[in-house]
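All of the numbers you see were taken from the coordinates with simple rules; none came from a lab. All values reported here derive from a predicted model rather than from experimental measurement. Positions of Cβ are backbone-derived with ideal geometry, glycine not excepted, and every protein chain shown enters the neighbour counts.
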Amino acid sequence: MHTRTRDTVVFQIGIAIFLTIMLFIILIPFWRVIVTAVIPLDIYTRQGVPFFLSPTKWTFEAFKQLLTHSMFPRAALNSVIITVLGTAISLFLTVPLAYGLSIRSLPGRKVIMAFVLIIYLFSPGLIPVYLLITGMKLTNNYLAIILPPAVSVFNTLVMMGFFEGLPEELKESARLDGANELQVLIRIILPLSKPILLTIGLFYAVFYWNEFFTPILYLNDNDLIPLPVLLRNILISASFNEYVEYNAFSSSSLESLKSAGVFITMLPMLLIYPWIQRYFTKGTLVGGVKG
Amino acid sequence: MSVRVLPSSLIPSIKIYPKNLWRVLRQYRWVYLLMLPTFVYFVIFKYGPLWNAQIAFKDFKPLLGVLGSPWVGFEHFKTFIDSFYFTQLIRNTLIFSLGKLILGMPIAVICAIALHETWFLRYRTFVQTMIYLPHFLSWVIMFGVLLVLLSPGNGLINEIIVSLGGEPIPFLTSPDTFRWVVILSDIWKETGWSTILYLAALLAISPDLYEAAAVDGATPIQRIRYISLPGILPVIVLITLLRLGHILEAGFNQIFVLYSVPVYSVGDILDTWVYRQGVLNFQFSLATAVGFFKGAIGLVLLLVANRAAKRIAGQSIY
């Protein structure tokens, strides 16, 4: 199929150049964040931020200043709590619904499906949810962030599709052996469903990790805020001292501190990203065009 | 537990007659029991807000509660439609979502075709990994990235403008540039990820077609024009319809992070306005009415988009 005529070679070079341009468009902004974060103060005050900075001149003062302040570790821990608890609750609520809906012969299946789809089709917006949460006195409680989005109808339908694809014979034979539906789910279905559980679990985890609007909305206590909210406060703050000791004696510039904050917030995602990418790509292809 | 596999034809199918309905319900009692927590959850956290939405037609007073507040009919809807915000919010919402769709989709399709065409498979995997990455980052991080690119002081792009002899532009706070920042930063963040679906569609095209084209001596451009593009057209149509069904979702998280008072006139969308009126100004009923209005139109758009998708592509969105 690969006939090397002059046309195709020229074409291949063109494609490679195009992909490289795309790559640089994605990478240059991140490179800029890194250079701004590691630039020594004297170079910064003399010439601003250069495009290239030799790694021998890199300084990690800004990172030190941020991480030795108590806010960052605290916010990181909060993010972990929200993500782990949220993902666990989401899966606990999503899996049984997806499993029930995947049983074609379940009496009342259509009613339950309609009950779920109505939520997918019509959303009355933010305020009714806000009144519900504040009415339940859930402000300054992580449940306010976790519960309203805990079950995504879309994720439920993707998982349902996966369960439907498992061979019916396996379930039926287990039932003939006298297993009840709970045992069928735990012993037959779940062990076969690791890919979809990981994919949907990661969907939820990334969602909770990145969530910043509902924490801003429902958490007033600064000790409770997760990383993205802390980063936003730092990025928009006029007085930096609330978050980091910043004064004339600071060994890094304000810009370096902000960029270091961006990088630290991004780092956990970068570390688990190769793993995420594998499962997300697979899971999305399972969902096919429904993604 | 040993698993004996039976052909499904041997398994008696259960028909539901009133007299053995009880037996069937009993057989599935574990399924219902398993689903019970999720059911309770849906009633409280998904249907609770629907119940609260009635305040769109009431004059909600927190002391009187949702039920006790007096009905006012469509008054809040009228107030909203008559206000000068109405056209502004609708216009901004549509400019953002249509801009992202119209500019973003061709770029995604071109990227997917380039990834599909290249012979350098390792390089392809590397590029894919890199361009998917921004999708997983929060808009707060994107805000930080945009600051190092766009800030008038030492943002990269402004440094380039200054070195070319221009004046630095306050991209994020100028009404002239804010919309472009929103649309282009969304394209930067999401285009890579959205190539996945087109790439999957391209990989599903039968290799026979490409081989036949090679035998006929087709140029690469002809191959793309006559095989690749027609091959993924149904997916392009389907995704366009899906996006049109969600046309009123202009990206609340993104705009909430990026906008500021100087750009409200060009940046405010339905969702951000609902947030400010409801949560910050305590206009609960008016804000809920606007949210309800958006939800109702969204419902119609979704149903129409789904029907159109069924007719055109033979596939349903949900």
query: For segment B:13-116, what's the relative contact order in percent, using C-alpha pairs closer than 8 Å and at least 6 residues apart?
result: 12 percent
task: Springs between alpha-carbon atoms under 10 Å, Gaussian network over chain B: tell me which of B:GLN88, B:GLN277, B:GLN222 tops the mean-square fluctuations.
output: B:GLN222
- prompt: Taking springs between alpha-carbon atoms closer than 10 angstrom, which of A:ILE119, A:ILE13, A:ILE216 fluctuates most in the Gaussian network model of chain A?
  reply: A:ILE13
- prompt: What's the lysine pair count for chain A at a Cα cut-off below 30 Å, pairs eight or more apart or interchain?
  reply: 12
For segment B:171-249 versus segment A:20-63, the gap between their alpha-carbon centres in whole angstrom: 33 Å
task: Please arrange A:TYR208, A:TYR142 by counting, for each residue, the other beta carbons lying within 10 Å of its beta carbon, fewest first.
output: A:TYR142, A:TYR208
- prompt: Setting aside same-chain residues fewer than 8 positions from B:LYS100, which aspartates and glutamates have a Cα under 18 Å from its Cα?
  reply: B:ASP176, B:ASP186, B:GLU190, B:GLU249, B:ASP268, B:ASP271
query: Which distance in nm do the two modelled labels at B:LEU98 and B:THR240 give, with both placed 7 Å along the Cα-to-Cβ direction?
result: 1.4 nm
query: Tell me, B:SER69, B:SER265, A:SER79, A:SER256 in order of fewest to most beta-carbon neighbours within 10 Å?
result: B:SER265, B:SER69, A:SER79, A:SER256
query: What's log10 of I(q)/I(0) for segment B:243-305 at q = 0.17, 0.25 Å⁻¹, Debye sum over Cα points only, no solvent?
result: -0.63, -1.07
statement: Here, trypsin sites (Lys or Arg not before Pro) of segment A:1-64 satisfying both criteria (DSSP loop; at most 12 other Cβ within 10 Å) are A:ARG4
query: Considering the Cα trace of chain B, what is its radius of gyration and what is Dmax, both in angstroms?
result: 26.2, 87
- prompt: If you place +1 on the Cβ of every Lys and Arg and -1 on the Cβ of every Asp and Glu, how big does the dipole about the Cα centre of the protein assembly as shown come out, in debye to the nearest 20?
  reply: 1820 debye
message: Just want to confirm a number: the relative contact order over chain B, from Cα pairs under 8 angstrom separated by 6+ residues, in percent.
response: 23 percent
- prompt: Over all residues in A:18-30, what is the mean tally of Cβ atoms on other chains that come within 10 Å of each residue's Cβ?
  reply: 6
statement: Using alpha-carbon positions, the gyration tensor of segment B:25-116 gives root eigenvalues a ≥ b ≥ c; with a/c under 1.5 called rounded, otherwise prolate if a/b exceeds b/c, else oblate, the class is oblate
- request: Sum -39500 (n - 2.57) across every DSSP H segment of at least 4 residues in the protein assembly as shown, then divide by the residue count to get the 222 nm mean residue ellipticity, nearest 500.
  value: -21500 deg cm²/dmol
statement: In nm, the gap between the two label points placed 7 Å beyond Cα toward Cβ at A:LEU254 and B:TYR85 is 3.2 nm
- prompt: According to a simple spin-label model (label point 7 Å from Cα along Cα-to-Cβ), what is the distance in nm between A:ALA114 and B:SER260?
  reply: 5.2 nm
- prompt: How many partner chain Cβ atoms sit within 10 Å of a residue's Cβ in peptide A:101-113, on average, as a whole number?
  reply: 3
statement: Comparing A:LEU267, A:LEU23, A:LEU157 in a Gaussian network model of chain A (Cα, 10 Å), the one with the largest mean-square fluctuation is A:LEU23
